[in-house]
Amino acid sequence: MEINRTHKRIKRLNLIILIILISACKSTSSTEGSISAEEFKQLPKIDVHAHYKHSRNYLSDFFNRWNLKAMLVDVAIETNDSIVRSFDNYVAHQRLLPNDFYLCTTFTAAGIEKSDYIERTIAQLKKDIEQGAVMVKVWKNFGMVTQDSEGNYIQINDPRLNPIWNFLVENNITVLAHIADPEQAWRPLLDPNNPHYNYYKNNPQYHAYNFPTMPSYEEIISARDQWIENNPELKIIGAHICSMSNNLDAVSERLEKYSNLSVELGARFGDLAMQDSEKVKLFFETYQDRILFGTDYGTGKPEDQFSAQDILEEEQDLEQRYKHLFNYLVREDSMVLRKQNTKGLGLSKTILSKIFNDNFLKFLENQTNPSN
């Protein structure tokens, strides 16, 4: 009897030891490569897709608190016969806070049929680069807005644009490419919980569903892919996860096919949150050297047009919006992001360092000033 009791005690002891070992292994596995809240706060971060057009007194402290910088991305809005840009605002803001901001300029295909289009466009890009622009954005004007004299939409792979791509290759300047919009733009607005519902409800001019003569999503994406393939030496960052953020398989296919392509995340976290978290995490792990953090956040009006309370609420809202995105990438618990129930990715410190900082800085290496 005593021997049996001893055997039972030993079995219980072995079982307890086994449980402790398994728990320890699980704990080690879940925290391996993780980052503490304080470590993350100190991690250098660059928001590669921002629109802080107007200065704010709180911004410098906010950026310093999070060890954050941002690239101010210009957009060219075509209205009737004029083009509205914000590059001068961005230059002024960057000069006010030179340690906080990088500059990204832009151009359109408006006037492409004129004989001096290439000369004028390259001259403008040279001037903007001399003022500090480190990248050039092409927007959805290509494929969705700009038309020639016969009403044809001008696509990004138009051969008349080739001298511009050659100029950017020669000077090692990267293109941030927002070509096409999410597929939702070509669909009726039926689901208020869709991450893109409010944008198209408030910006019907970009809701392609309302414009049957506009090229299809597939046509614009095909032209975009052909452009990437035609320019293998041109460094390209696909803005908004290549406008394919609802389909990571399609994004992966492009990343495998085009070695000169990377992606940034701005304004597409809601699409990521709709997909299986483990699959999304695997995407980040697989392409950790080709993903960049971006938000599409910014300031739309001068500070003096707001009350002190409005500015305080704006700052608090901005803090919360950045925190939501940070938490999604850093933590592993359940959360709601852009009305989507999801689970945080819990990325390792190594991957976070690349996405938030290292991958962007690589694009700035070996740039030349075209005026030299």
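Coordinate-derived values only; no laboratory data. As the structure is a computational prediction, the values presented were derived from the model and not from experiment. Note that each Cβ is placed from the backbone with ideal geometry, even for glycine, and that neighbours are counted across all protein chains shown.
Remarks
- Exceedance of the 25 Å cut-off in Cα-Cα distance is limited, within the set 41/343; 126/354; 279/349, to 126/354.
- Under-5 Å amide H pairs with residue 176, H placed in peptide plane, nonlocal only: 136, 137, 138, 237
- The distance between label points at residue 222 and residue 306 comes to 4.5 nm (points 7 Å beyond Cα on the Cα→Cβ vector).
- Beta bridges by DSSP in the chain, antiparallel share as percent, to the nearest 5: 25 percent
- Residue 197/residue 250 FRET efficiency (R0 25 Å; Cβ-Cβ; nearest 0.05): 0.70
- Note on the chain: along the principal axes its Cα atoms extend 103, 45, 44 Å, ordered by decreasing extent.
- Report summary: the helix-based calculation at 222 nm, which adds -39500 (n - 2.57) for every DSSP H run with n ≥ 4 and divides by the residues of the chain, gives -13000 deg cm²/dmol.
- Centre separation in Å (Cα based) which lies between segment 186-215 and segment 292-323: 25 Å
- Using C-alpha pairs under 8 Å with a sequence gap of at least 6, the mean separation divided by the residue count of segment 257-372 gives a relative contact order of 33 percent.
- Protection proxy ranking of 210-217, 285-292, by the mean of other Cβ atoms within 10 Å over each peptide's residues and highest first, is 285-292, 210-217.
- Residue-wise HN-Hα coupling along segment 148-157, computed from phi with Karplus coefficients 6.51, -1.76, 1.60 (Hz; x: Gly, Pro): 7, 5, 9, x, 7, 6, 8, 8, 5, 8
- Amide H partners (placed H, <5 Å) of residue 71, local residues excluded: 47, 48, 49, 50, 102
- Backbone phi angles across segment 171-176, fed through the Karplus curve with coefficients 6.51, -1.76 and 1.60 (θ = phi - 60°), yield HN-Hα couplings of 9, 6, 9, 7, 9, 8 Hz in residue order; Gly and Pro are listed as x.
- A cut-off of 5 Å between modelled amide H atoms, ignoring neighbours fewer than 5 places along the same chain, links residue 131 with no other residue.
- Relative contact order (percent, whole number), segment 36-363, Cα cutoff 8 Å, 6+ residue spacing: 18 percent
- Qualifying trypsin sites (Lys or Arg not before Pro) in segment 54-145, DSSP loop, other Cβ atoms within 10 Å at most 10: 114
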